[in-house]
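Since the structure comes first, as structure tokens, the remarks are kept for the end.
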Amino acid sequence: MAVEAVDTKKKADRFDEPIIVVEKINKWFGDFHVLRDVSLSIAPQEVVVIIGPSGSGKSTFIRCINRLEEHQEGLIQVDGIELSHDVRNVAEIRRETGMVFQQFNLFPHMTVQDNVTLAPMKVRHWSKDQAEKKAMELLNRVGIPEQAKKYPGQLSGGQQQRVAIARALAMEPNIMLFDEPTSALDPEMIKEVLDVMKELALSGMTMIVVTHEMGFAREVADRIIFMDHGRIVEQGPPEHFFDPNVEHHPRTQEFLDQIL
Amino acid sequence: MTTSQPDNTPDTMPEAKVSINYEDPPTKPPPLLSTGVLAWIRENLFSSPFDAALTIFGAAFIVFAIVGLLNWVISQGDWFAITFNFEQYMYGRFNTTEVWRLGLFALLVAFTAGTAIAAYFRRISPVFMLMLAIIYIPVLLLPAIVNATIALPESYVVAGNMNVVSGTVTEDPIEIVAFTAQGGETVALHYADEADNSDTDLANIAGFVDDASNALRTAAINRLANIARFIELDEDVQIDAAALDEGEAGLFIPPQRDTILREYESLQYTPDEDQLARIAEIEQILADEADLREAIAAEEEMQAALPPSVPFALEQVSETDGFGRPVTVRISDYSQEGTLRVALYNNYQEVATQRLDIDESGTVDVTFEAEDIPGPGYYYVYATIDDVPRARMDLSFSDPSAILTPLSEEERAALVTERGVLLQPEAVIGIYDLNNVPVAITITDRDGNPLPEGTQTLEPGGEAVSFEIPEDGWYLLQKEIASEDEGVALLSVQGLYPLFERTTGFQRMTDGFEISAPIPRDANNEDYPFYKLTENKYRGERPLGDYLRVYLSPFFTKTMFRVGSSGGISLQTGLVALFIAGAAGYFLARMLDRNSPQQVPQRNSRRISTQLLLSIPFFMFLAVIGADLLALSLLGAWVAYVILSYFIGLRVGNVISGIQLLAVSLVMLVIGAVAMYFAPELIYGADSSIPTIVATMFGSAAGSRLPITFAVILALPGLIAVWYGSAQQSSLTRSALMQRIMIAAGVAIALFVIPVLYNAAVDVNRDNPDAFINIFVHTDPRRWGGLLLAAFITVYGIILAFPLGIALALGRRSELPAIKLISTLIIELVRGTPFIVVLFAGVLLIPFANPAFAEIPDIYSALAATIVFIAAYLAENVRGGLQSIPPGQDEAARALGLSGWQITMFITLPQALRAVIPALVGQFISLFKDTSLLAIVGLIDLTGVTNQVVVAQEFIGTRKENLLFITILYFVISYIMSWVSRRIEESGSGSARRI
């Protein structure tokens, strides 16, 4: 895949053909209504940052996109494939989307290299050589080629999260989902992960990022979405959110006051 | 160093206190008492008064228990039962011509252990070396030292011309007895002087005894016991009789009294006149003594009743004194009311008394006549008023030294014993005139030719006789009384040892010297009795030396493992061989490690050790079942065929789908079934009715059916491999259901096929020794036993239960209700049932499932039951492991696009299994111990061997010894396993996160 770095100024002409379309999805956990009529469409190479208080449904929302959670109403289309009960569609979408978790979720019984090569070999049926070559390339890209033979338990949190990013990229996805990738990290390690994500964004990857890193949002995001109580309350470019003179929805204002 | 300053200006804001510490104190060793042995003792043993008390109490208890046990082990236990059945304990009745397989296997295990030690320890710890030394130094040195320094204990035989009777047993001393001896040995005989002085000495002889001398000894023991019992009863009976005489209740409860009196009378014998006189005398002494005691008691009572101050004067006034003359005493100052008496006593006996009236002056003289004072004695006078003693006075001529004293306890007991003995039969040594008759002794070779020493006569008080044995072989010992008088001689023999009959010949108990030639026969062509000592037991309390020489040393040096029909190796040699194999493994692994990379210095050794470890079950299969090289190459070819099928599947995957392949296989099977039905003779030959075919499939009839059965069995995995290979090639993800069905089918087929395969094999093996199948099966499972059986069941129980257990665990977590229900049902049913019941179900119910299954050896039914039982527990362990895996793992894997099956195989299951390794090892150990239950379903595992040994005639009464032995065996092996499991846990293999 390895998309060439794209000039940020060219982003404007990419918004016509959406890669992800979400229409009026609803989801309940038991009786609790988690997502309420959420609709969103994301263009290729767009970087969307979702913010919001905890319990607002941000994580559930992006987990619906690769079917880690099942929505009960509405439509989700990823790269032209509609998410339905057809197992093959789910598998297809999962091959197109990479995901990075708050808790890294590396496989602790495998070396870093095996973590990265497992999915390409088993799902894409690559040869071992091909998968390992790709793995080394990605580990170089996230800056930890020397850790390939170590086990996740031997790495720092930041290094583990970078391995997790490499693992997700190994499947050559078109879309990357980040579920609070830096929340479980010590402050001094957050930067190394954000740097990798920035580089990824600049390379033209479509990204949905749930995060509290406002600096990252301001710098990298094309669009910021504020969610509260299972719905999208407000969205707009970073300038909109970080301009103190703009009038916001009271919930947004309250949230921004707390974190800024 | 601190730069902070107290802030003492109240009206300014307090400054923040700044402190920078530039001081760098040097590191010091800790105080002496806080480290080392002393600290450990203080912290762990005596940290509080309660702990100290517990420590002391615990230590005392341990010492008490160990001392008691050791005492029994050394001085009483009969350890021949272990030595002679050791082989059986190790591998049951395994065919001796095949034992070498087990030997090789044991060496392989030792070798593997050696590599494992090299692989998992950086260096060998001193504790380990110490343990090895503790095991090997006694094994190597002790027998040699003991044999060189301690002589074999003597054994006792009887020569005599009269029967020896003990209770209901009558033994006729054997005149000629056959024994085996080695050339150069000396046989020496002499009277057993230590036994002929008294019955007590005779009862105390310790050593090996023949039946007649055992009868002598028992007679003496019984007589002594009877005497003791009689004396004990005698006392009680007399007390009881006395009480009854006085109309009291008596000592015994009425119904008991009759029994006791009967026993008492049965213990009495009729003595002769002299004895009767002596008995009367003793009884008189005892009766007098009883009177005396009574009188003393009365005197003490009177003295106690005397008032502190005498109310009148009492004095002796007679002019004359001395014996044989009258004496007068005077009472004066008397002013009392009542009847006054004055009594004269001699030695507690009242000899005269006078009742008095007092005159006005209050004075009276009392004169006792001369006949009341006949001779020397202790005389004294009591004055009583109304029979209450008021004054006492010794007479001047009385002699205090003449006062009688009762008998001491010892004197009394001696008299009682003497009387008891007099009421008993004559001493054993007397009845048989023990060792007072000359004995003519001859040793001849097996044909009756005497040794050069000729016939030697042993005279009372004479020299011992001895014979030199010229060469190995059978000899006859002839011993006759060389006199007309009746009598018995107890001979102490050095150089003759108890013999034990085995299938291969006769073995000497004490050193294992074995002779396979038959026993010599007499003129009537009957076997001479061989030198077999009573129950092959050492009689009496054994000193440590005898224990070492008779039991411990032969345990290591005797031929334990026979190879083929003759020869074999001792435990000592076996242990040394194991040590060498272990050391070889260790050094080989260390050598290989020289080429290991720097970062992983033990990589090579770990590789080889793991490979060996994993191959142990395979080699165990070869060793126990007995497959040989041809079978190995066939197996290799079969594995190659399966692998090849997989690659063919990869190639054809694009052309044929897995489903189509399965359909083709099914069609082939149907065609085969149709052919079998309509033209069975093509496959099976002439006799081909359907029942025969069915029976053939399951192996209950002999015939030519094996090729097709085997073809089907061997071909199936190939078909599955082709299918699997094609599935791999296909880009479509197979649904999890299909894959599960496939694996389940594979497991089911394997479970179904293995007994059929084995059954067929065994069947043919039995009917036709030259059959082709014999390359797979040499040994008869009915002959496996002991440790081998326990190990076989343990190893295969765990290995085969593993896939089943994992399948059940996954099944229980399955989302398909049918699979989940069946798995849960099996797990809960088995877990709710004791192992013994599952075993019974396996052994008793499996044959009912199909009559053909009745031919499956019990070992396999028991193994099947074990597998199901273990699998249920394993499933729960694995399920626990699966549950312990964080859900993020599953999510991450799903997000990567892995299928459910792949997630299980590559992500969750590997982690779950790592997490449950300690539990699995625990299960391994407990299964090993649970194999003791196999004895209950009729298999001869360690406990089963014990059950068999203790009913064998030679070893009756050795249950304790045998149980102690298997306890030690179980413990040692379980302990080694738990030690290994601790090492595994410490190495971190149990945790999913490897660091």
Self-check item: Environment charge at B:Ala383 (Cβ cut-off 10 Å; Lys +1, Arg +1, Asp -1, Glu -1)
Solution: +3
Quiz item: Give me the log10 of I(q) over I(0) for segment A:110-260 at q = 0.15, 0.17, 0.19 Å⁻¹, as the Debye formula computes it from C-alpha points; what are the numbers?
Solution: -0.82, -0.97, -1.12
Quiz item: Between the DSSP loop rule and a limit of at most 14 other Cβ atoms within 10 Å, which chymotrypsin sites (Phe, Trp or Tyr not before Pro) in segment B:89-151 are left?
Solution: B:Phe121
Quiz item: Summing Lys, Arg as +1 and Asp, Glu as -1, what charge do residues with Cβ under 13 Å from the Cβ of A:Met171 carry, A:Met171 excluded?
Solution: +4
Practice problem: Indicate the gyration tensor shape class of segment B:783-994 (rounded, prolate or oblate), computed on the Cα atoms with a ≥ b ≥ c the square roots of the eigenvalues: a/c under 1.5 is rounded; otherwise a/b larger than b/c is prolate and the rest oblate. | Solution: oblate
Self-check item: Estimated inter-spin distance, B:Gln303 and B:Val317, nm [label 7 Å along Cα→Cβ]
Solution: 2.9 nm
Quiz prompt | GluC sites (Glu not before Pro) lying in DSSP loop within segment B:793-878, provided at most 16 other Cβ fall within 10 Å | solution = B:Glu815
Quiz item: If you build a Gaussian network model of chain A, linking Cα atoms that sit under 10 Å apart, which residue out of A:Ile144, A:Ile50, A:Ile232 swings the most?
Solution: A:Ile144
Quiz item: Please identify the GluC sites (Glu not before Pro) of segment B:234-314 that satisfy two criteria: DSSP loop assignment and at most 12 other Cβ atoms within 10 Å. Which are they?
Solution: B:Glu246, B:Glu248
Quiz item: Largest first, how would B:Val980, B:Val465 line up by accessible area (1.4 Å probe)?
Solution: B:Val980, B:Val465
Quiz prompt | 3J(HN,Hα) from dihedral phi, segment B:383-397, Karplus parametrisation 6.51/-1.76/1.60, rounded to Hz, x for glycine, proline | solution = 10, 10, 10, 6, 6, 9, x, 10, 8, 9, 8, 6, 7, 5, 8
Quiz item: Where the centroid of each part is defined by its Cα atoms, how far is segment B:324-357 from segment B:826-845 in Å?
Solution: 97 Å
Self-check item: Gyration tensor verdict on segment B:338-380 (Cα atoms; rounded if a/c is under 1.5, prolate if a/b is larger than b/c, oblate otherwise)
Solution: prolate
Practice problem: List the residues of segment B:861-904 whose accessible area drops by at least 40 Å² when all protein chains are present, compared with their chain alone, using a 1.4 Å probe and counting only protein heavy atoms. | Solution: B:Gln889, B:Glu891, B:Ala892, B:Arg894, B:Ala895, B:Leu896, B:Gly897, B:Leu898
Quiz item: At what distance in angstrom do the alpha carbon centres of segment B:871-896 and segment B:151-165 lie from each other?
Solution: 74 Å
Exercise. Give, rounded to the nearest 20 debye, the magnitude of the charge dipole that segment B:234-296 has about its Cα centre when Lys and Arg contribute +1 at Cβ and Asp and Glu contribute -1 at Cβ.
Key: 240 debye
Quiz item: How much length, in nm to one decimal, is gained on full extension between B:Thr455 and B:Ser884, taken as 0.36 nm per residue of separation minus their Cα-Cα distance?
Solution: 145.8 nm
Quiz item: When the helix-only estimate is applied to chain A (DSSP H runs of n ≥ 4, each -39,500 (n - 2.57), divided by the residue count), what is the mean residue ellipticity at 222 nm, nearest 500 deg cm²/dmol?
Solution: -11000 deg cm²/dmol
Practice problem: Amide H neighbours of A:Arg223 under 5 Å, at least 5 residues apart or on other chains, H built in the peptide plane: list them. | Solution: A:Val47, A:Val49
Quiz item: Roughly how many Å² of B:Lys479 are accessible to a 1.4 Å probe, to the nearest 10?
Solution: 10 Å²
Quiz prompt | With Cα atoms, 0 to 90° folded angle of helix A:157-169 axis to chain A main axis | solution = 90 degrees
Quiz item: How are the Cα pair distances of segment B:197-250 distributed, in percent, across 5 Å bins from 0?
Solution: 5, 18, 17, 14, 10, 9, 8, 8, 7, 4, 2
Quiz item: How much net charge surrounds B:Leu898 when only other residues with a Cβ under 9 Å from its Cβ are counted (Lys, Arg +1; Asp, Glu -1)?
Solution: +3
Quiz item: In whole Å, how far is the Cα centre of segment B:460-483 from that of segment B:192-227?
Solution: 23 Å
Quiz item: Classify segment A:62-189: rounded, prolate or oblate, from the alpha-carbon gyration tensor (a ≥ b ≥ c, eigenvalue square roots; a/c under 1.5 rounded; otherwise prolate if a/b is larger than b/c)?
Solution: oblate
Quiz prompt | Distant-in-sequence amide H partners of B:Gly626 (H built 1.01 Å from N, under 5 Å) | solution = B:His778
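The values are calculated or read from the model by the stated rules, or taken from the named source; none is laboratory data. Being a predicted model, the structure only gives us computed values, none of them experimental. Cβ: placed from backbone, ideal geometry, glycine included. Neighbour counts: every protein chain shown. Ligands, DNA and RNA are stripped out before the accessible areas are found, and what is left, the full protein with its side chains, is counted by its heavy atoms. Shrake-Rupley method; radii C 1.70, N 1.55, O 1.52, S 1.80 Å.
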